[in-house]
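A short write-up of the structure that comes next.
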């Protein structure tokens, strides 16, 4: 019997945008997942800025992802006290789904910085790291793996997705300057942001 695969896509989602959605769609299409768990960060240990209220980020994540078949927006990291660590989520999911293979989605920049994560070696031992390159990266496979010398090749999957130069930072900056975010977020996200007056200050 085939091993059950559960993907996890974590992030601040402050706000979630079309590149986040494209990453989820690529994972669902390419990785043979039983389900993809989207996990808004609770207390982000690695961010210097204060995140928007968790209930807004959770609501926007649901608007951005929940219509995709196989996606579950999971609020466990928001409910968990203290900083959010991916290794804790992986262990919880493996306890809840014995025998399942957990695949952690991330960008190349996150994968390169993985040794700064809590219990990163345990994370790599317990999960497959699935990496989507950022738009500006065009590395060959050799160059790609050279940047990931800390990761064994069999613990890494490369996720192919359209080039989408979108960032939440740019979206927040545009909104603070009262500029358009058309084409960067879905209409539902744009409407939610406007309704709740989010990101009006840089």
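The values are calculated or read from the model by the stated rules, or taken from the named source; none is laboratory data. Keep in mind that this is a model prediction, so the values were computed, not measured. Here the Cβ positions follow ideal geometry from the backbone for every residue, glycine too, while neighbour counts run over all protein chains shown.
Quick look at the numbers
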{"item": "From 27, 59, 95, residue being at pLDDT 95 or above and within 23 Å of residue 173 (Cβ to Cβ)", "result": "59"}
{"item": "Enumeration of residues in the range 180-202 that are surrounded by fewer than 17 Cβ atoms within 10 Å (Cβ to Cβ) and under 20 Å from residue 49 (Cβ atoms)", "result": "196, 197, 200, 201, 202"}
{"item": "Residue 103 vs. criteria at negative phi, in a strand (DSSP E or B), modelled with pLDDT of 95 or more and crowded, with 17+ Cβ neighbours inside 10 Å", "result": "yes"}
{"item": "From 154, 196, residue being at pLDDT 95 or above and farther than 17 Å from residue 18 by Cα", "result": "196"}
{"item": "Residues of the range 24-41 satisfying the condition of being without any contact (Cβ under 8 Å) to a residue 40 or more places away in the chain and either more than 24 Å from residue 59 (Cβ to Cβ) or in a helix (DSSP H, G or I) (or both)", "result": "29, 32"}
{"item": "Residue list for the range 73-100, restricted to those being in contact with a helix residue (DSSP H, G or I) (Cβ under 9 Å, 6 or more places away or on another chain) and part of a strand (DSSP E or B)", "result": "73"}
{"item": "Unmet requirement for residue 69, which otherwise passes all of (1) surrounded by 15 or more Cβ atoms within 10 Å (Cβ to Cβ); (2) at pLDDT 95 or above; (3) assigned to a loop (DSSP other than H, G, I, E, B)", "result": "(1)"}
